[in-house]
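Heads up, the thing below is written out as structure tokens.
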Amino acid sequence: MIYLDNAATTPMHPKAREAMERHLSEVYGNPSSLHRAGREARHAVEEARRFFADWLSASPRELAFTSGGTEANNLALYGAYLAQAPRRTHVVATAVEHHAVLEALERLRLFGADVTLVPVDREARVDPDDVVRALRPDTALVSVMLVNNEVGTVQPVAEIARRVKEVDPAILVHSDMVQALPMLRLSLASLGVDLASFSAHKVHGPKGVGLFYVRSGTPFVALAAGGQQEHRRRAGTEPVAAIVGFHVAMAEIAANFDAHRAHVEALCDAFWRGVESLEGVYRNSPRDAVGSILNVGFRGIRNDVLLMRLDLEGIAASAGAACTAGTLEPSHVLRAMGCEQEARESVRFSFAWQNTMEEIEKAVGIVSNVVASLRSRFTNS
């Protein structure tokens, strides 16, 4: 199989899996226990926390491990909102956020929140002016993802955060940075956000673990009641093995970050060059999108039919976010971009370090043949 659905999840790095196996079998202590086994587990958790703090330009005390990006997004939105309600009950986000944000905002409405979704342009990019215009005296929170998970657009989060704070320093700014972690060098201090969310399985770590950033001094109400783990931001015994896997996987990327990013960008460019001359093909991802994501449409060919044929030919891709797979609803991102018909014709190909140029060349040939076959069938039917 040629796996080109890395934006959904990435294969685990062998070194991450090896490190996890030791912590599943040998280092099994509870990291909150005071005995030797517990101290060894705690050391592994805190070592991982220090690594991410250094990589993200944050303080270790500002980082908490979660069960993944979805929980991190939920914690950010609920915790920041509840800390300010009922004095502030307005939330601003973009129309192209991940469902982990959009669905959480729907739940916040049950707590009395008034939600404004800011539109985007044809490249899925939000205008900072539109965000500023949406602000109100009772705005509690603004949430704008850094990299869109379906088309790869990089949002001007630093500018948005700066301008929001200029209007009202009390408004909190959150960013879903799940898709940014493998492709962008991130400085949370420079970006100016108050809260941010990350996930391990987008960077060749295990599923079921993520990271949550809360800037020191940010109003926040913890949701999980229980122990005092994770600086009281997320109660519950830490999944030590998963945290270790996250740490090792991201450390492997960080050690060769520029080469890793260049490799992924070269794969994406080669794939696009190979398919851009096909009849009826068009590109939804902007030219300055991250190199890990390429959203492409094939005029007149339904994406569900194309994806099934590609799967039969040994290529894994997707029509958008993995969390909505199996539904008949077209991509909310493409629809927000004004691409109603394109939302039913477009496929997301996403790339990572394990992909090779030989795979890309083979994939281009298969996609070309399948598209030609489907086009011939639909033309003659």
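Test of understanding: in a Gaussian network model of the chain with alpha carbons linked when under 10 Å, which of L186, L141, L102 would top the mean-square fluctuation ranking?
In this elastic network of the chain, the residue with the biggest mean-square fluctuation among L186, L141, L102 is L186.
Ranked from highest to lowest mean number of other Cβ atoms within 10 Å per residue, what is the order of the peptides 211-217, 310-316, 65-71?
Numbers: 211-217: 19.7, 310-316: 15.7, 65-71: 23.9.
So the peptides 211-217, 310-316, 65-71, ranked by packing, come out 65-71, 211-217, 310-316.
Do me a favour and compute the ellipsoid semi-axes for the chain from its Cα gyration tensor, root of five times each eigenvalue, largest one first, whole Å.
Working: eigenvalues 247, 150, 56 Å².
The equivalent ellipsoid of the chain has semi-axes of 35, 27, 17 Å.
Please determine, in degrees from 0 to 90 and to the nearest 10, the orientation of helix 99-109 with respect to the longest principal axis defined by the Cα atoms of the chain, where the helix direction is its Cα long axis.
Around 50 degrees separate the two axes.
How large is ³J(HN,Hα), in whole Hz, for each residue of region 280-296 in order, when computed from phi with the Karplus curve 6.51 cos²θ - 1.76 cosθ + 1.60 and θ = phi - 60°, using x for Gly and Pro?
x, 7, 8, 10, 9, 5, x, 5, 9, 5, 4, x, 7, 10, 9, 9, 10
In deg cm²/dmol and to the nearest 500, what is the mean residue ellipticity at 222 nm of the chain if only DSSP H runs of at least 4 residues count, each as -39500 (n - 2.57), divided by the residue total?
Values: 12 runs with 154 residues, N = 381.
So the calculated ellipticity at 222 nm is -13000 deg cm²/dmol.
Calculate the FRET efficiency for R335 and R39 from the Cβ-Cβ distance with a Förster distance of 35 Å, rounded to the nearest 0.05.
Details: r = 52 Å, r/R0 = 1.49.
About 0.10, to the nearest 0.05.
Which aspartates and glutamates, if any, have their Cα less than 18 Å from the Cα of K362, not counting same-chain residues under 8 positions apart?
Cross-link targets: D5, E265, D269, E276, D311, E313.
Just report the Cα centroid separation between region 229-291 and region 185-224, whole Å.
So the two Cα centres are separated by 16 Å.
If the chain between R107 and Y282 were fully stretched, how many nm would it gain, using 0.36 nm times the residue separation less the Cα-Cα distance?
Details: separation 175, 0.36 × 175 = 63.00 nm, distance 3.63 nm.
Extra length available between R107 and Y282 comes to 59.4 nm.
For the chain, find the longest principal axis of its Cα atoms and tell me its angle to the long axis of helix 69-82, 0 to 90°, nearest 10.
Rounded to the nearest ten degrees, it is 50.
Out of all DSSP beta bridges with both ends in the chain, state the antiparallel percent to the nearest 5.
Looking only at bridges with both residues in the chain, the antiparallel portion is about 50 percent.
With springs connecting C-alpha atoms under 10 Å apart, model the chain as a Gaussian network and identify which of A255, A64, A41 has the largest mean-square fluctuation.
Between A255, A64, A41, it is A255 that shows the largest mean-square fluctuation.
Using the heavy atoms of the protein chains alone and a 1.4 angstrom probe, what is the accessible area of region 11-95 per residue in square angstrom? Mind dumping the intermediate values first?
Numbers: 3990 Å² over 85 residues.
Result: 47 Å² of accessible area for each residue.
For the chain, which whole-number percentage of the solvent-accessible area (1.4 Å probe, protein heavy atoms only) is attributable to carbon and sulfur atoms? Please list the in-between numbers first.
On the way: 8090 of 15690 Å².
Percent of accessible area from carbon and sulfur atoms in the chain: 52.
Going by accessible area, probe 1.4 Å, with all protein chains left in place, what is the ranking of K15, K362, K202, largest first?
Working: K15 105, K362 130, K202 30 Å².
Largest to smallest exposure gives the sequence K362, K15, K202.
Please check: in the Gaussian network model of the chain (C-alpha springs, under 10 Å), which one of D138, D114, D288 has the largest mean-square fluctuation.
D288
To the nearest 0.05, how large is the calculated FRET efficiency for D114 and S216 if R₀ is 25 Å and r is the Cβ-Cβ distance? Numbers along the way, then the final one.
Details: r = 28 Å, r/R0 = 1.14.
Efficiency at R0 = 25 Å is approximately 0.30.
The values are calculated or read from the model by the stated rules, or taken from the named source; none is laboratory data. What you see is a predicted model; the values in this text were computed from it and never measured. Note that we place each Cβ from the backbone using ideal geometry, even for glycine, and neighbour counts take in every protein chain shown. Keep in mind that these areas ignore ligands, DNA and RNA; they rest on the heavy atoms of the full protein, side chains included. Shrake-Rupley method; radii C 1.70, N 1.55, O 1.52, S 1.80 Å.
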